[in-house]
1. Per the 1.4 Å probe, what fraction of the accessible area of the chain, in percent, lies on carbon and sulfur atoms?
2. Enter the accessible area per residue of the chain (Å², integer; probe 1.4 Å; all protein chains in place).
3. What whole number of Å gives the distance from the Cα centroid of region 82-122 to the Cα centroid of region 6-66?
4. Ordered by packing density, taken as the mean number of other Cβ atoms within 10 Å over each peptide's residues, highest first, how do 45-57, 86-98, 69-81, 105-117 rank?
5. Is any helix in the chain, taking whole DSSP H runs, at least 20 angstrom long along its axis by alpha carbon and on average at least 0.5 on the Kyte-Doolittle scale, and which ones?
6. Among PHE3, TYR39, LEU16, whose Cα projects farthest towards the positive end of the dipole of the chain, with charges put on the beta-carbon of Lys, Arg (+1) and Asp, Glu (-1)?
7. Taking only C-alpha pairs under 8 Å that are 6+ residues apart, what is the relative contact order of the chain in percent?
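The values are calculated or read from the model by the stated rules, or taken from the named source; none is laboratory data. The structure displayed is predicted, hence computed values, not measured ones. Because the Cβ atoms are built from the backbone with ideal geometry, glycine has one as well, and the counts that use them run over all protein chains shown. The accessibility values were calculated without ligands, DNA or RNA, using every heavy atom of the protein model including side chains. Shrake-Rupley method; radii C 1.70, N 1.55, O 1.52, S 1.80 Å.
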Amino acid sequence: TKFIDKAPVRFLIAGLVNTLIGNLLYLLLLLILPYQAAYTTSYGAGIFISYYLNSVYVFQRPLRWSSAVQYPLVYLVQYVTGLVTISLLVEQLSVDTRIASLLTILITLPLVYILSRAIIRR
């Protein structure tokens, strides 16, 4: 097992943990904030939680300001790529919108992994 890269598996685990924490935070914030503010706050927190988990757990690198500042770019690229992908799936390939969102996640996941690794390992 020394030759098998465990980072992709840890990446998926970290993503699930981040999603659970983000959704829990959203639900808690709903108790005191309007849903838009709760969503925005939990989404922003999710970026920082993702950076922490990916640095420390997935790629086992120390936290650094330089990579922390660059890390939100991963989410920007994911969003733009996802928007283009879901649009192509729905408009050009007539994929059901509910399925298109899941396919978009599967399609953009490797990109997020590669970009996260590039920023954190740099």
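1. Roughly 73 percent, rounded to a whole number.
2. Ligands and nucleic acids excluded, the figure is 68 Å² per residue.
3. Each part reduced to its Cα centre gives a spacing of 18 Å.
4. So the peptides 45-57, 86-98, 69-81, 105-117, ranked by packing, come out 45-57, 105-117, 69-81, 86-98.
5. In the chain, the long hydrophobic H runs are 7-29, 72-87, 97-121.
6. Positive-most Cα among the choices belongs to PHE3.
7. Relative contact order, the chain: 26 percent.
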